[in-house]
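Okay, so here's the structure we're looking at.
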Amino acid sequence: MNSQNPLYAPVRGGEHHMVAGVRIDVAPAGAGRIKRVIYPAGFRWSKDMKPVSGTDRCQFAHVGFLLQGQVHVEYPDGCTEEFIAPQAVTIEPGHDAWVVGDEPAILVEFDFKGDTASRFGLNGEHVHGT
Ligand SMILES: [Zn+2]
């Protein structure tokens, strides 16, 4: 990774965390938070994050903007979504997801912790056909 590249550079004024190989930089923004999240190539939620989270699927909503890379999302009913940078991203709670290809996926996320779905008017879980 190129440390001169601002996509990867340390974030000013944020807290830095590493979780299951995922780099998370988070800064407060009013009642919410803004995060830069770097998912490494090969990352898969159900393989890497599931043991950490203790839930069967990712129960968080993700709202943000994919700056780099490609992310494949799968819901329990078999519905899939493909996000390819540059693209806005909306993912409902209750999903598996993984990075496609050789490039890390870099996502800027806007979140309200457990209230992200309701604050953005999203379903609390995937509802087929909506
Ligand atoms: Zn569906």
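Looking at region 43-51, is at least one residue in a strand (DSSP E or B), polar (S, T, N, Q) and more than 18 Å from D115 (Cα to Cα)? Give the steps one after another, and end with the answer.
In the first step, residues of region 43-51 are kept if they are in a strand (DSSP E or B); the result is 44.
Within this subset, residues satisfying the condition of being polar (S, T, N, Q) are none.
No, region 43-51 contains no residue that is in a strand (DSSP E or B), polar (S, T, N, Q) and more than 18 Å from D115 (Cα to Cα).
Limited to region 73-88, what total is found for residues that are touching a residue at least 12 places away in the same chain (Cβ under 8 Å) and either among the small types (G, A, S) or open to solvent by 30 Å² or more (accessible area, probe 1.4 Å) (or both)?
Going through region 73-88 one residue at a time, the tally reaches 10.
Determine if region 31-44 includes at least one residue that is on the phi > 0 side of the Ramachandran plot and more than 16 Å from the ligand (Cβ to nearest atom).
Of all residues in region 31-44, those on the phi > 0 side of the Ramachandran plot come to 42.
Still in the running and more than 16 Å from the ligand (Cβ to nearest atom): 42.
Looking for residues that are on the phi > 0 side of the Ramachandran plot and more than 16 Å from the ligand (Cβ to nearest atom), one finds at least one in region 31-44, hence yes.
Every residue in region 89-116 that is surrounded by 13 or more Cβ atoms within 10 Å (Cβ to Cβ), away from the ligand (no atom under 16 Å from the Cβ) and within 13 Å of the chain's Cα centre (by Cα), please.
Those that are surrounded by 13 or more Cβ atoms within 10 Å (Cβ to Cβ), away from the ligand (no atom under 16 Å from the Cβ) and within 13 Å of the chain's Cα centre (by Cα): V89, W98, V99, P104, A105, I106, L107, V108, E109, F110, D111, T116.
Among the residues of region 72-88, what is the count of those that are outside any strand (DSSP E or B), within 16 Å of the ligand (Cβ to nearest atom) and at negative phi?
Restricting attention to region 72-88, the residues satisfying the condition of being outside any strand (DSSP E or B) are 75-79, 85-86.
Narrowing the set further to residues that are within 16 Å of the ligand (Cβ to nearest atom) leaves 75-79.
From the residues that got through so far, the ones that are at negative phi too are 75-77, 79.
Residues in region 72-88 being outside any strand (DSSP E or B), within 16 Å of the ligand (Cβ to nearest atom) and at negative phi: 4 in total.
Go through region 21-42 and give me each residue that's outside any strand (DSSP E or B) and surrounded by fewer than 16 Cβ atoms within 10 Å (Cβ to Cβ).
As a first pass, look at region 21-42 and keep what is outside any strand (DSSP E or B): 21, 30-31, 40-42.
Listed by number, the residues that qualify are G21, G30, A31, A41, G42.
Can you spot a residue in region 33-49 that is farther than 25 Å from V127 by Cα and free of Cβ contacts under 8 Å to residues at least 12 places away in the same chain? Even if it seems obvious, please write down each step before you answer.
We begin by selecting, within region 33-49, every residue farther than 25 Å from V127 by Cα; these are 33-43, 48.
Next, from what is left, pick out any that are free of Cβ contacts under 8 Å to residues at least 12 places away in the same chain: none.
Checking region 33-49: not a single residue is farther than 25 Å from V127 by Cα and free of Cβ contacts under 8 Å to residues at least 12 places away in the same chain.
If a residue must be polar (S, T, N, Q) and farther than 20 Å from V26 by Cβ, how many such residues does region 83-117 contain? Spell out the reasoning first.
Our first condition is that a residue be polar (S, T, N, Q); within region 83-117, this holds for 87, 90, 116.
Then drop every residue that is not farther than 20 Å from V26 by Cβ, which leaves 87.
Qualifying residue count, region 83-117: 1.
The values are calculated or read from the model by the stated rules, or taken from the named source; none is laboratory data. What you see is a predicted model; the values in this text were computed from it and never measured. A quick note on method: Cβ atoms are made from the backbone with ideal geometry, for glycine too, and the neighbour counts reach across all protein chains shown. Areas reflect the complete protein model, heavy atoms only, side chains present, ligands, DNA and RNA absent. Shrake-Rupley method; radii C 1.70, N 1.55, O 1.52, S 1.80 Å.
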